[in-house]
1. Give the number of residues within the range B:130-161 that are part of a helix (DSSP H, G or I) and more than 11 Å from the ligand (Cβ to nearest atom).
2. For B:Thr416, indicate whether it is of a type in the set (Ser, Thr, Tyr) and more than 26 Å from the chain's Cα centre (by Cα).
3. Among the residues of the range A:1-22, what is the count of those that are more than 15 Å from the chain's Cα centre (by Cα) and open to solvent by less than 100 Å² (accessible area, probe 1.4 Å)?
4. Identify all residues within the range B:314-339 that are of a type in the set (S, T, N, Q) and not in a helix (DSSP H, G or I); write none if there are none.
5. Identify, please: which residue in the range B:87-97 is within 13 Å of B:Gln127 (Cα to Cα) and either open to solvent by less than 10 Å² (accessible area, probe 1.4 Å) or touching an Asp or Glu at 6+ places or on another chain (Cβ under 9 Å) (or both) and is, among those, farthest from the ligand (Cβ to nearest atom)?
6. Report, by residue number, each residue of the range B:257-270 that is open to solvent by 10 Å² or more (accessible area, probe 1.4 Å) and in contact (Cβ under 8 Å) with a residue 40 or more places away in the chain.
7. Given the structure, is B:Arg125 closer than 23 Å to B:Trp253 by Cβ, away from chain A (no Cβ under 14 Å) and away from the ligand (no atom under 16 Å from the Cβ)?
8. Of all the residues that make up the range B:406-433, how many are over 27 Å from B:Phe391 (Cβ atoms) and open to solvent by 40 Å² or more (accessible area, probe 1.4 Å)?
Amino acid sequence: MSQLGLAELEAVYDALAAAINQVGTEQESLFLTKLVLLLANQLGDQTQIEQAITTALRDL
Amino acid sequence: MYIPDQTPRHSVYYNYSIYPFQTPPELRGTTQTYPVVIVGAGPIGLVTALELARYNIPVQVISAEVQVSHGSRAIVFTRRSMEILQQVGIAERMLATAYPWRSGNSIYRGQRVFRLEAPHDEDDRFQPLNNLQQQYVEQYLIEQAQLNPLIELRWGSQVMGVTSFSEHAELQIDTPEGEYTLSCNWLIAADGAKSTIRQVLGLRMEGASYRGRFVIADIKIDIPWPTERLAYFDPDWNRGNTILMHRQPEGIWRLDYQLPPNETPEQALAPESLNTRIQAQLDMVGVTAPWELDWCSVYSARAMTLPDYMHDRIIFTGDAAHMLPIFGVRGANTGFQDAQNLAWKLAMLLKGIGTPKLLTTYSSERVTAAQEIIAEASKSTRFMAPPDRGFRLLRDAVLSLSLTQAFVRPLFHWRTSRPHDYHDSALNALQDDNAQFTAGPAQGMPLQNIRLADNDYLFDHLGAAFHVLYFTDQIVPVAILDAIQTLQHTGIPIQLLTIGNQQRFTDQDGHFAKRYDALTGSAYLVRPDQHVCARWKSLSADQLKAAIYQALGQGA
Ligand SMILES: Cc1cc2nc3c(=O)[nH]c(=O)nc-3n(C[C@H](O)[C@H](O)[C@H](O)COP(=O)(O)OP(=O)(O)OC[C@H]3O[C@@H](n4cnc5c(N)ncnc54)[C@H](O)[C@@H]3O)c2cc1C
């Protein structure tokens, strides 16, 4: 699995923050759910997605 | 004293007939124990009665009502249902007025985001889906039953109680002329979703009840659209909810929409609320024609089944046995398969050919089918009417993506009722060549119809019996003919249908053999409910006999 370099990760970080601010609280969950579905489809690996869900559920 | 409602129900297109109560022998002082009594003259009770009569079993059918279904209720009948209804003799009559169809559309923000065509095979006589109101189906079944001297219909007779014994059951029945007790060896409970018999026995269904409530409204209106399923997601006038539209004969359209949470059925059915919502939907789809309401009702989606359909001499079938969400047109279509599965097994047992074990496979096969349907239907329900925040968010994300992203569109798939596959049935042959076939219906599956000639199909030739489909271009081996004759002499209904050169079905172009992956000497053994229980690349007489005994529950 490829990993992002620091510069790329920072760019994604900024873009995601900007998008969340742009959609506003009401549509934030919908936006994030859409994003996950799009990325999941691009990743094309059910196990990796389920592992990511588990990881994201941790330490909330 | 029970007085049924004798006023014909109101409808703008259907004329309700009254089937009057008639004094039964029990109220004139004669009593007897009947072999089979069916409680319920809905579609499932009636098909069960007609099916049993095909095997020469007499039946008494008891109904609290004196007329057919209030409103259209089940309107979509699948190909498999049509094949079953053909056997009981009403398919042709239904097709005279039913609307056949096969395409479903999902619409979001004015855009058609998904369209699915149910496959239609040129070997099939019936279209994948056929729309006709339940009143007509019941009427045709009743008229068919009235012609049959083996069937007695007792209208206006309400079952109040039931007592179960190990060898018989007794019903307490209330009528306009007073109460009586009816005794029978086998009692079939086809008394619908609110089954009195299920309640009296204290039996509980297992599964899920969804919170969403839906209004069904049938309106008379002229809309010049083809017969297709239309599903509108999240429209402006009913945010977050789904609206279905279905075309029915007689210029009727059904609108089916989900209610906002916390609204009561009374509020939902108040004329003002109905009118506003129906008009809002029509406005949205650009229909300006005038309309008139025929019937409306509220229902909630449930996906539940009894875990066992047999309790001593009481057998549950249809809605009395299970409650299924109607999104996939599952209520009646599932019940017909119950009726057909039950009838031959009970008939064989009553004739002393089948074993009690055979009859218990009615419960095991159909409970498994119901559980499978529930799992599948629950997926549709979660998409059509998301039960919680998580499912709602995912559904809304899919709706939003569907406008531009093709990969989410298959999630709109409207799973419709399918014939169940009894692949793990205890009635299937233990030793056959099932796994070696590369085509044709496998063990447990219903037969594939074959078009033999113009307006002539394989299913037209099937009767109330086991069938051996035997493929050969030569003469049928004597040993096989002898085996079939021996079985017939013991009272087993079994028919040989030969396929090939100079046979019953000539199969000139080899199409039949090809679809069934058959060579000379290959054979399929088909149960009376048209499901395959064994198939051989090359049939031997001994294997045929063993498979028949297995299918009658006489196996080890
Ligand atoms: C509002 C509504 C809409 C529906 N829409 C659809 C649909 O679009 N598609 C679909 O596939 N299905 C639909 N269904 C379900 C479908 O109508 C049923 O699955 C089907 O009618 C089941 O048939 P049944 O014979 O098991 O029971 P029912 O049709 O309910 O028949 C029950 C019978 O039992 C009798 N009975 C009940 N209690 C007693 C008693 N105590 N004594 C004597 N007799 C009694 C009744 O008189 C009746 O004859 C709908 C149901 C409803 C209520």
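The values are calculated or read from the model by the stated rules, or taken from the named source; none is laboratory data. Keep in mind that what you see is a predicted model, and the values were worked out from it rather than measured. Heads up, the Cβs are rebuilt from the backbone with ideal geometry, glycines too, and the neighbour counts pull from every protein chain shown. Areas reflect the complete protein model, heavy atoms only, side chains present, ligands, DNA and RNA absent. Shrake-Rupley method; radii C 1.70, N 1.55, O 1.52, S 1.80 Å.
1. Here is the first cut: in the range B:130-161, the residues part of a helix (DSSP H, G or I) are B:134-146.
The next check asks that each one be more than 11 Å from the ligand (Cβ to nearest atom); those that pass are B:136, B:139-140, B:143-146.
Qualifying residue count, the range B:130-161: 7.
2. Numbers: of a type in the set (Ser, Thr, Tyr): yes; more than 26 Å from the chain's Cα centre (by Cα): no.
Considered against the rule, which asks whether it is of a type in the set (Ser, Thr, Tyr) and more than 26 Å from the chain's Cα centre (by Cα), B:Thr416 comes out as no.
3. Summing the residues that are more than 15 Å from the chain's Cα centre (by Cα) and open to solvent by less than 100 Å² (accessible area, probe 1.4 Å) in the range A:1-22 gives 2.
4. Let us first name the residues in the range B:314-339 that are of a type in the set (S, T, N, Q), namely B:317, B:333-334, B:337.
B:Thr317, the sole residue that qualifies.
5. Checked the range B:87-97; the qualifying residue farthest from the ligand (Cβ to nearest atom) is B:Ala91.
6. Of the range B:257-270, the ones open to solvent by 10 Å² or more (accessible area, probe 1.4 Å) are B:258, B:260-267, B:269-270.
Across the range B:257-270, the qualifying residues are B:Gln258, B:Pro261, B:Glu263, B:Pro265, B:Leu269.
7. Numbers: closer than 23 Å to B:Trp253 by Cβ: no; away from chain A (no Cβ under 14 Å): yes; away from the ligand (no atom under 16 Å from the Cβ): yes.
No, not satisfied.
8. The initial filter retains those residues of the range B:406-433 that are over 27 Å from B:Phe391 (Cβ atoms), namely B:419, B:421-433.
Imposing the further condition that a residue be open to solvent by 40 Å² or more (accessible area, probe 1.4 Å) reduces the set to B:419, B:421, B:423-424, B:426, B:430-431.
Count: 7.
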